[in-house]
Amino acid sequence: MSYKDLLEKFDFGRKVEYDTFENKEEISKGKFGAIFKVDLKDIKQTVALKTLYHYDEKSLDNLIRNYANSGNLQCYLNDHFPELDWPTKIRMAKEISSGIKCLHSENIAHRNLHDKNILVHDETPIDGTPVGFKDLYCAAWNGISVHRPKIEEVCNKLDRMRLEPIYEDMFDKNAFGKNFEYASFENKTEISKGESGAIYKAHLSIKDENKIVALKTLGHDDERIFYDFVREVKYNKSFKIHKIDSESKTFYIVLQYANGGDLQCYLNDRFSSLDWLIKVRMAKEISNGISYLHRANIVHRNLHNKNIFVHDGRMVITDFGLSESLNNSTKSVTSRINKKWEYFDPLYLQSPLTYEWKKHSDVYSLGVLFWELSSGLPPFKALNVHHVINGDREIPIEGTPDDFKNLYCDAWNGKPDNRPDIEKICKKLKNMQLELFCKNFSNFKYSFSEKPEKIGEGGFGVIHKVYLEDIKQIVALKTLDHDDEEAFIREVKYTTKVNHDNIIKFFGIFHDPKTETYYMVLQLAERGDLESYLKEHSPNLKWPTRIRMAKEISSGINSLHGANIVHRDLHNKNILVHDGRMIITDFGLSRSLDDGTECISSGVYGRCEYCDPNCLPEPLKYKWSKHSDIYSIGVLFWELSSGVPPFKDFKNSPTKISNRLLKGQREHPIEGTPIDFQNIYAAAWDGSPDKRPNIKEICNKLGQIRLGRVDKKNV
């Protein structure tokens, strides 16, 4: 029978002309024919071209197949076996079985299955093989054919094979906290469905946990989805992951509940209240999350407005089901991501089968998200896929800062090589955020008659002393040591919110264009910090002076608490002395109680002596309040009485100090301390926050101290 007759007899779909093949290369030769790797020009795809030595109605001369990048099973196992885990091996077995099931459903027997055509030889079971998998292949190669399972049975057993023991080692057990029973979750309400599973809002109610959480769940009958779920746990550092648990055939993960919903809903509800400083901060937070992934050589591949969540106004990236390491394959998974085409690289939209995902793929998505932040609307409602492929984009929104507009236009450039990398985006957003913020304050020219003199270094910045021509005064210049613009903004924000004699004075900001550095221009305290001042002057300080110093510190804190601000970092380096007057400074950790009060671990800055002991066991769970500052004041008052820092014998051992504080130990009263003053600081550093006096009570009691009353036990 001729080729033409064969093609007419069988419906092989599309006919391909031979001249559409190029770069023909033989890659295999078998008993029945040869296989070539070729490029099919018209669809821009590499395929396998098989030619048969003999053809008839059962074997056609040329069959086009998808080219398998990794070759046959024997070659693949030879090259990759050490890196294959058991979930991958079981997936491979399921795919082979699925193919054979398809043949058997058409009553076709392959008759030539081996490792060159896929499958395995009869061998001794390998140590570590899951029992269910070993039993299955032993039954399949049974010498008596009637005892072998049918292919449907093989597929069913593979589908039902329990994966929890296999995946158990993939999880870092130290990353999970308490073991939550499923019954601990109440009022479960579905709030979202993603590519990898459903998300529920639930109330977690147990002895020491009573809060709203997000509960992510999926069935593990689809091993691919389960693997995506594992990957999400691995990559998602933004959420606080507590525990993975299982009930029946469902896996659960308990996540921090994002109280602002997804980005689309958040913008829809709150866009009118967002100024450009907030929008740029949101863009920066999303970019910082992507930067974290890209530094780990991971591409998210599915960024859109439903995968960005908002918690306490902060952006959180989620849904890592499609994320991939660039060390692995970056080929497209088209069937799972075409629902949000508006956010995907036009090159992917043009050639989804051959598109390779790179870091610049995420950058394009960021560009679209940035435009959405500027408009408050989902993108491309008036455009279709072909418009975007041809280079059409959304029109910039009136009032968008030029720098922000230029940034997202660069990010969604049609040519990937012309897009900025994520680190450049983060740097531009950081400078943009500071520039927008600093426009609200007096800006001084960067000009000095003398070179600034470095006089100090704090937890958040370096301090220089310089004469500033603009105001004809010697000032302190503070810049960021850790490149933390959020701390810079907080410090300026809270320093300027309160005008008080015992709070550091803020004169303005200036910018060094050469180094892209912003400086705060602050009041200079000529006598240094409290620790240095007491070290030099304590022997000569009388009790009236010490009481006055305590009153001034308390008065400054009273002004902060009156404005609903918690300092959160009070210690002897953050109290300055100017003309004998106490000046409170360093507001980098300060927070308004009108905002969230999540703790930043004070252990990072090494000042646990002044920190509420309740913060020490689990600093990330500790809720800061005005009581937190009161504890610090108690320690500072003891330091005023003694002239030395607290626990000075353990200065280089924060762990020893923490252990003593957790046991309730405090410094002993100093001989000669007025009993009224001693009672004030003892009440202030009480281990129970509710028993501590508020700042107004402390101010009142300081005014009533009778200096003649001394505890005789300390004389």
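The values are calculated or read from the model by the stated rules, or taken from the named source; none is laboratory data. For clarity, every value in this text was computed on a predicted model and none was experimentally measured. With ideal geometry, Cβ positions are generated from the backbone for all residues, glycine too; neighbour counts draw on all protein chains shown.
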Legend entry - Residue, surrounded by the fewest Cβ atoms within 10 Å (Cβ to Cβ), within the stretch 88-102, restricted to residues that are more than 16 Å from ASN112 (Cα to Cα) and not hydroxyl-bearing (Ser, Thr, Tyr): GLU95
Inset, instruction - Please work out if LYS472 is farther than 16 Å from ILE583 by Cβ, modelled with pLDDT of 90 or more and not aliphatic (A, V, I, L, M). - result: no
Inset, instruction - Taking only the stretch 435-469 into account, find how many residues are modelled with pLDDT under 80 and within 19 Å of LYS573 (Cβ to Cβ). - result: 6
Legend entry - Flag for LEU576 being outside any helix (DSSP H, G or I) and assigned by TED's automatic domain parsing to the domain that holds GLY588: yes
Inset, instruction - Kindly indicate whether any position in the stretch 406-424 is aliphatic (A, V, I, L, M) and not in a helix (DSSP H, G or I). - result: no
Legend entry - Residues of the stretch 275-285 satisfying the condition of being surrounded by 13 or more Cβ atoms within 10 Å (Cβ to Cβ) and over 19 Å from ILE317 (Cβ atoms): TRP276, LEU277
Inset, instruction - Go through (1) surrounded by fewer than 16 Cβ atoms within 10 Å (Cβ to Cβ); (2) in a loop (DSSP other than H, G, I, E, B) one by one and return the number of the condition PRO396 breaks. - result: (1)
Legend entry - Residue pairs meeting the criteria (Cβ under 7 Å; at least 6 apart or on separate chains; first in contact (Cβ under 8 Å) with a residue 24 or more places away in the chain, in the stretch 608-628; second in a loop (DSSP other than H, G, I, E, B) and among the basic types (Lys, Arg)): TRP624/ARG568; HIS627/ARG692; SER628/ARG568
Legend entry - Subset of the stretch 190-215 that is within 30 Å of CYS155 (Cα to Cα) and at pLDDT below 75 - its residue that is surrounded by the fewest Cβ atoms within 10 Å (Cβ to Cβ): LYS193
Inset, instruction - Quick one: which residue in ILE657, ILE670 is touching a helix residue (DSSP H, G or I) at 6+ places or on another chain (Cβ under 8 Å), hydrophobic (A, V, I, L, M, F, W, C) and under 20 Å from SER628 (Cα atoms)? - result: ILE657
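Per-residue answers, yes or no, for (1) closer than 21 Å to PRO693 by Cα; (2) among the hydroxyl-bearing types (Ser, Thr, Tyr):
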{"site": "LYS493", "(1), (2)": "no, no"}
{"site": "LYS505", "(1), (2)": "no, no"}
{"site": "GLY528", "(1), (2)": "no, no"}
{"site": "SER554", "(1), (2)": "yes, yes"}
{"site": "ASN564", "(1), (2)": "yes, no"}
Inset, instruction - Only residues that are of a type in the set (Phe, Trp, Tyr) and either modelled with pLDDT under 85 or within 38 Å of the chain's Cα centre (by Cα) (or both): list them for the stretch 517-545, please. - result: TYR518, TYR519
Inset, instruction - Go through the stretch 556-595 and give me each residue that's among the charged types (D, E, K, R), more than 17 Å from LYS493 (Cα to Cα) and out of contact with any helix residue (DSSP H, G or I) (no Cβ under 7 Å at 6 or more places or on another chain). - result: ASP579
Legend entry - GLU450 being buried (at least 19 other Cβ atoms within 10 Å of the Cβ), outside any helix (DSSP H, G or I) and either over 25 Å from the mean Cα position of the chain (by Cα) or not hydroxyl-bearing (Ser, Thr, Tyr) (or both): no
Legend entry - Selection status of PHE506, under 28 Å from ILE698 (Cβ atoms) and aromatic (Phe, Trp, Tyr): yes
Legend entry - Unmet requirement for LYS514, which otherwise passes all of (1) farther than 26 Å from LYS445 by Cβ; (2) at pLDDT below 95; (3) of a type in the set (Lys, Arg): (1)
Legend entry - Any chance HIS360 is modelled with pLDDT under 95 and assigned to a helix (DSSP H, G or I): no
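Residue by residue, here is whether (1) in contact with a helix residue (DSSP H, G or I) (Cβ under 8 Å, 6 or more places away or on another chain); (2) part of a strand (DSSP E or B) holds:
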{"residue": "LEU477", "(1), (2)": "no, yes"}
{"residue": "ILE489", "(1), (2)": "yes, no"}
{"residue": "GLY508", "(1), (2)": "no, yes"}
{"residue": "HIS511", "(1), (2)": "yes, yes"}
{"residue": "TYR519", "(1), (2)": "no, yes"}
{"residue": "LEU522", "(1), (2)": "yes, yes"}
Legend entry - Single residue of the stretch 530-559 satisfying the filter (free of Cβ contacts under 8 Å to residues at least 40 places away in the same chain and in a helix (DSSP H, G or I)) that is farthest from GLY672 (Cα to Cα): SER532
Inset, instruction - Go through the stretch 270-322 and count every residue that is part of a helix (DSSP H, G or I) and among the acidic types (Asp, Glu). - result: 1
